[in-house]
Structures are given as structure tokens and as C-alpha cells.
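Report on one structure; see the data block that follows.
Just so it is clear, none of the values below were taken in a lab; they were calculated from the coordinates. Just so it is clear, the structure is predicted and the values come from calculations on it, not from any experiment. Glycine also receives a Cβ, built like all others from the backbone with ideal geometry; neighbour counts cover every protein chain displayed.
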């Protein structure tokens, strides 16, 4: 066993199992990523793609999570909800950033998050093309590639940056208001990488100070939010009012970041 896996094992047996599943799923995804020229692509909607890789990786995740945690439910992007008896639900995104994946970009990841007592409680994100793996949640300190992650820097508005994303259903007015607010009112830089998981990894690594979303799905963020919570990052999502099928409109970051974007939260309803 490597030092990395020994460290995680000491923290949580569940973390060890789920990270292993995520890494093996990443190996499967990478076999398709290396053969993009022959990978069939289907259109679910405008700029909304799905591939055989998405379905095979999701089937792999379901099979192995069911084997490891037979009483738990599973909620997947492609398969919907598979009921369990424990009350816990593994919310999975087999390839977050399919559009990037299909175009040959590296900004995509496998996301496995645990929804427990109506809250995200634990997550693993594995981005194999970028060799990044984040693990963390309740009773599991956040780690990046097996090492404790550095404390997040304090918000410095002289070099502030935020990620954001828009679902195609978001109105043009709301999209423009987000960009205008970040540029003019917040006077911050911004990034749009095309995958919520990677945008939230950027927050965890201190590359950005926060993230604004108009339309992410629960499976896009379920793993990342408990990982980030350990680092002092919170969100405007009210999970008591959220169905797992809902589209989310929210902001996340430090309390200082959320305080500064509160006017935007009120204008475009970023409190899902």
C-alpha cells in the first residue's frame, strides 16, 4: 500500500474504498479519452452531450458502490435514483465536463458525493487527466493527492478571482448580470472552465476565491461541497428546500467572499 493510501486509510475506511472506486473509474474513463476519434457522442440537448464513456463509467460506479455499500441508495446523472434502505445516497457524476472530455480537454472529473441527513457529508473528486484527487468531508480532513491541503488564502481584492458557470437554460439577462457584477462591482478576475468540479477544485487549491453557478446539478457539486467545507468554504444552497433533481443557483466561498457577492445573490436569486 502506498503512503498516500495508508494516510487516507487511517482517516476513514469509507474514504479508502470510495477513492479506490473513483481511481478505477478514472482508469476506465481514460481508456475512452485516449480513443476519442472512435467514441460515439449523443446529443441530450444544446451543448449537452453524453458518450458511451459516461454510461460505462456510471455503470462501473453503481456496481462497485452497491457492492461496497449495499444498503445505500445511488443517484446518478444518467441512471437516476436507485433506492436504498439506509437513508444515505451516493450522488455520482461519471464524467463532469463531458463537453471538455469530448473536445480533448483535461478539465473533467469523476465525482462521488455522499448525501446524508439531507446534507452533503463526504466526497471524492478524481480528475485523472490532470492527476488530481481530492478527498474530504465529515471526520475526513480534506486532502489533495494524499496530502493535507494548504490553508486557503484570505480574500485579497487586489488579486481576487472567481469561477462561474451557466446552464444553457439561464437567461441572457442573468448571465450578463453575473459577468457585469464580477467585472464592475466586485472588480475581480473570473474563470470559466466548463466543469463545476474543476471550478471548485480551483477554490480548494486557492486559485480562485469563490464560485457562482446558474444551473449546476446536485451531482456536479455533491462531492466538492463537503471537501470545501473543511476549508472554511460555505454556499448559499438551502438543502432543506432542494430536491436531488433540482438545478442549483448558488454562490460559494469564504464568508468574506459571500458577503461581497450578496448583492448579486439577491439580484439573480443565488440562494437555491
- Query: GNM, the chain, Cα, under 10 Å: largest mean-square fluctuation among 159, 143, 106?
  - Reply: 159
- Task: Please find the FRET efficiency linking residue 63 to residue 242, where r is the Cβ-Cβ separation and R0 is fixed at 35 Å, and quote it to the nearest 0.05.
- Result: 0.80
- For each of 96, 216, count neighbouring Cβ atoms within 10 Å of the residue's Cβ, then give the residues from fewest to most. 216, 96
- How high is the relative contact order of the stretch 175-223, in percent, with contacts defined as C-alpha pairs under 8 Å that are six or more residues apart? 27 percent
- Any chance you could give the angle, 0 to 90 degrees and rounded to 10, that helix 52-68 forms with the longest Cα principal axis of the chain? 70 degrees
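Helix-only mean residue ellipticity at 222 nm, the chain, DSSP H runs n ≥ 4 weighted -39,500 (n - 2.57), per residue, nearest 500. What is it?
When only DSSP H runs of four or more count, the value is -10000 deg cm²/dmol.
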- Message: Looking at the chain as a GNM with Cα springs under 10 Å, which of 89, 21, 149 has the largest mean-square fluctuation?
- Response: 149
- Highest mean first, what order results for 218-231, 167-180 on Cβ atoms within 10 Å? 218-231, 167-180
- Item | For the stretch 55-75 versus the stretch 171-235, the gap between their alpha-carbon centres in whole angstrom | 28 Å
- Relative contact order %, the chain, counting alpha carbon pairs below 8 Å whose residues are six or more apart: 16 percent
- Distance between the stretch 241-266 and the stretch 102-164 - C-alpha centres, whole angstrom: 17 Å
- Query: Percent relative contact order of the stretch 84-226, based on C-alpha pairs within less than 8 angstrom and at least six residues apart?
  - Reply: 29 percent
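So if R0 is 35 Å, what FRET efficiency would residue 256 and residue 23 give, r being the distance between their Cβ atoms, rounded to the nearest 0.05?
0.50
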- Percent of alpha-carbon pairs separated by more than 22 Å within the chain: 54 percent
- Of 109, 251, 68, which is the most mobile in a GNM of the chain whose springs link Cα atoms less than 10 angstrom apart? 68
